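Asks: Here it is, the structure in full.
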Amino acid sequence: MNIPPPYQVADYAWTAMGIYWLVSARQSAKSKTNEPHVYRILRLTILCTTFVLLLTTWLRFGPLGWRFVPENPALEWAGVAVTFAGLAITVWARICLGTNWSDKIVLKENHELIRTGPYAFMRHPIYSGVLLAIAGTAVVEGEWRGVVAFCLLLATYAIKARKEDQLLRAAFGQAFEKHLQQTGFLLPRVRIGAR
């Protein structure tokens, strides 16, 4: 049995993730708030650009095609492992959100403040998982286009996550403030010392 190369395994993982995401999106509750369409169009354009950079060779020219890590099978397989870890965090977080999930910055009907699973440690684990998976795939590909894809989505997710925090603060008040103190933004909050 031939094992596919690391870049192909990473591509399969992203394809499976995309299919899961499309299927699970149908289980989302109806929104009770909305956001301007221009924001969603802009985010989807950036998301598409990110994955074109990361998973295709269309933009593999000039500095985007230069390597930032040497070709090394062990490093590439480590990148695959990081990709799988990031996608696993993303799926775990999506399952925990249940019907509260949306790709838009909105509140759902009967919206709940989720504080279980990865949400016990960080407020935006879906974004964190996707970014970790992108970082892993960037190592697999080894070219600067992967770094650009990561930075592009990091900036987008940081802005989107701050807007979501504002929306949740307005909706949940003190409960969200407590959640804010106990969790990290995109990374788990590190607690030093005993309490």
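We did not get these values from a lab; they are worked out from the coordinates using the rules stated. No experiment lies behind these values; they were computed from the predicted model shown. Using ideal geometry, Cβ is built from the backbone for each residue, glycine included, and neighbour counts are taken over all protein chains shown.
Asks: How large is ³J(HN,Hα) for each residue in the stretch 30-41, as worked out from phi by the Karplus curve 6.51 cos²θ - 1.76 cosθ + 1.60 (θ = phi - 60°), to whole Hz, x for Gly and Pro?
Replies: Taking θ as phi minus 60°, the curve returns 5, 7, 9, 10, 9, 10, x, 4, 4, 5, 5, 4 Hz for the stretch 30-41.
Asks: Using 0.36 nm times the number of residues separating ARG115 and VAL38, minus their current alpha carbon distance, what extension gain do you get?
Replies: Roughly 24.7 nm would be gained on extension.
Asks: Run the numbers for ARG67 and TRP21: contour at 0.36 nm per residue of separation, minus the present Cα-Cα distance, in nm. Don't skip to the answer; put the middle values down first.
Replies: Details: separation 46, 0.36 × 46 = 16.56 nm, distance 3.06 nm.
Answer, rounded to one decimal: 13.5 nm.
Asks: Name the longest site-free stretch of the chain, where the excluded sites are chymotrypsin sites (Phe, Trp or Tyr not before Pro) in a DSSP loop with no more than 11 other beta-carbon atoms within 10 Å.
Replies: On the way: sites that count: TRP58, PHE61.
Longest site-free region, per DSSP loop and neighbour criteria: 62-195.
Asks: Oh, and also: Where does each of CYS151, CYS96, CYS48 land when they are ranked from fewest to most other beta-carbon atoms within 10 angstrom?
Replies: On the way: CYS151 13, CYS96 18, CYS48 10.
Fewest to most other Cβ atoms nearby, the residues stand as CYS48, CYS151, CYS96.
Asks: While we're looking at this one, here's another question. Using the number of other C-beta atoms within 10 angstrom as an exposure proxy, rank VAL140, VAL9 with the fewest first. Don't skip to the end; give the middle numbers.
Replies: Values: VAL140 27, VAL9 17.
Ascending number of Cβ neighbours within 10 Å: VAL9, VAL140.
Asks: Now for a different question. Rounding to the nearest 10 and keeping the result within 0 to 90°, find how far the Cα-based axis of helix 125-141 lies from the longest principal axis of the chain.
Replies: With rounding to tens, the tilt is 10 degrees.
Asks: Starting with the fewest neighbours, write out LEU97, LEU64 ranked by other beta-carbon atoms found within 10 Å of each beta-carbon.
Replies: LEU64, LEU97
Asks: Mind checking Rg over Rh on the stretch 28-175, alpha carbons, Kirkwood formula for Rh? The partial results should precede the final answer.
Replies: Working: Rg = 17.0 Å, Rh = 16.5 Å.
Result for the stretch 28-175 is an Rg/Rh of 1.03.
Asks: Oh, and also: Pick from LEU113, LEU53, LEU22 the residue whose mean-square fluctuation is largest in a GNM of the chain, springs joining Cα atoms under 10 Å.
Replies: It is LEU22.
Asks: Right, another one. Roughly how many debye, to the nearest 20, is the charge dipole of the stretch 38-134 about its Cα centre, given +1 on each Lys and Arg Cβ, -1 on each Asp and Glu Cβ, and no other charges?
Replies: 240 debye
Asks: Among VAL80, LEU168, THR156, whose Cα projects farthest towards the positive end of the dipole of the chain, with charges put on the beta-carbon of Lys, Arg (+1) and Asp, Glu (-1)?
Replies: With unit charges placed on the Cβ atoms, the residue in question is LEU168.
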